[in-house]
Amino acid sequence: METLKITIVCSVLLYRCSSAAADDEEWKFTDEEWKSATATYTKDANGSIMTEGACGYGDLHKTNYGKYISGLSTMLFNKGSTCGSCFELRCVDHILWCLPGSPSIVVTAADFCPPNYGLPADYGGWCNFPREHFEMSEAAFTEIAQRKADIVPVQYRRANCYRLEGIRFTLMGNANFNQVLITNVGLDGEVVAVKIKGSKTGWMPMARNWGQYWQCSINLKEQPLSFEVTISSGRTLTSYNVAPANWQFGQTFEGKQF
């Protein structure tokens with residue numbers, strides 16, 4: 001009888017572990033094909049990139065994105081919808097500039113690399129359409145290539161984002177205009193839809209303003225706020241009563257994590 005109990009317990013644990021592993025696997029990127037691009041880096045005193053960028057994140061260290069970040073060319077930026085996504089990059093096909101063994105690094109898309117049509121695409125206009133280019137932070141670039149390199153050929157592919165803590169919602173706007181900056185999103189990191197709910201309302205879709213700023217025009221003051229976030233993989237996560245009824249504009253609240 002004791003042996004039977006042990007067998008049943010072990011079977012249940014094995015099933016749970018297998019189910020969890022299958023669930024994790026379901027949300028991994030299935031397209032493992034490497035694609036070709038180029039990369040440069042932006043010099044900064046602390047090895048990161050500019051703190052104010054086209055995604056609206058502000059100080060990237062406060063948003064947990066830190067030093068491993070990159071700006072994207074028009075082709076990759078996709079009008080800001082790619083903000084927060086993660087990419088795995090490796091330097092290839094350049095024996096002088098690429099680090100031995102072609103190590104890879106995962107970076108977060110945090111800015112836009114604007115085109116410069118005054119320069120040819122193969123000589124200075126690295127971010128000109130339709131080039132696929134990464135303007136990396138110095139810290140990230142030097143993980144895959146020599147610091148003295150100018151521009152290097154790279155391969156890239158989408159990767160899962162591993163974030164500490166939950167999704168963050170920063171509230172901005174005024175009484176009849178609510179704007180929410182969404183940061184620290186895990187898994188594919190690319191937010192494609194957001195809904196908001198007050199204690200006196202139903203679920204209401206928000207529209208993308210720019211980068212990862214989402215907006216709606218309704219007075220939600222003195223109501224606890226809940227959020228529903230959908231990412232590009234199709235997975236949706238709901239965080240109930242993230243902000244209390246006495247929330248104020250300028251405050252940041254933490255929800256669940258994918």
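The values are calculated or read from the model by the stated rules, or taken from the named source; none is laboratory data. Keep in mind the model is a prediction, meaning the values are calculated, not measured. Note: ideal-geometry Cβ built from the backbone for every residue, glycine included; neighbour counts use all protein chains shown. These accessible areas exclude ligands, DNA and RNA; they are computed on the full protein's heavy atoms, side chains included. Shrake-Rupley method; radii C 1.70, N 1.55, O 1.52, S 1.80 Å.
For this structure, a couple of remarks:
- Stretchable slack from residue 252 to residue 99, in nm (0.36 nm times residue separation minus alpha-carbon distance): 51.1 nm
- Full-stretch length increase - residue 230, residue 207 - with 0.36 nm per residue and alpha-carbon distance subtracted: 7.0 nm
- Computed label-point distance, nm, for sites residue 148 and residue 79 using a 7 Å Cα→Cβ extension: 4.5
- The 3J(HN,Hα) values that the Karplus relation (6.51, -1.76, 1.60; θ = phi - 60°) gives for region 112-118 are, in residue order, 10, 9, x, x, 9, 6, x Hz. Gly and Pro appear as x.
- Heavy atoms of the protein chains alone define the surface here; on that basis region 99-233 has 43 Å² accessible area per residue at 1.4 Å probe size.
- Efficiency of FRET between residue 129 and residue 106 - r from beta-carbon atoms, R0 25 angstrom, step 0.05: 0.50
- Beyond 27 Å in Cα-Cα separation lie the following of the pairs 79/195; 67/221; 35/79; 195/221; 67/197; 43/256: 67/221; 67/197; 43/256.
- Largest first, the extents of the alpha carbon coordinates of region 79-231 on the three principal axes equal 62, 37, 20 Å.
- Gain upon complete extension [residue 200, residue 238; 0.36 nm per residue less C-alpha separation]: 12.0 nm
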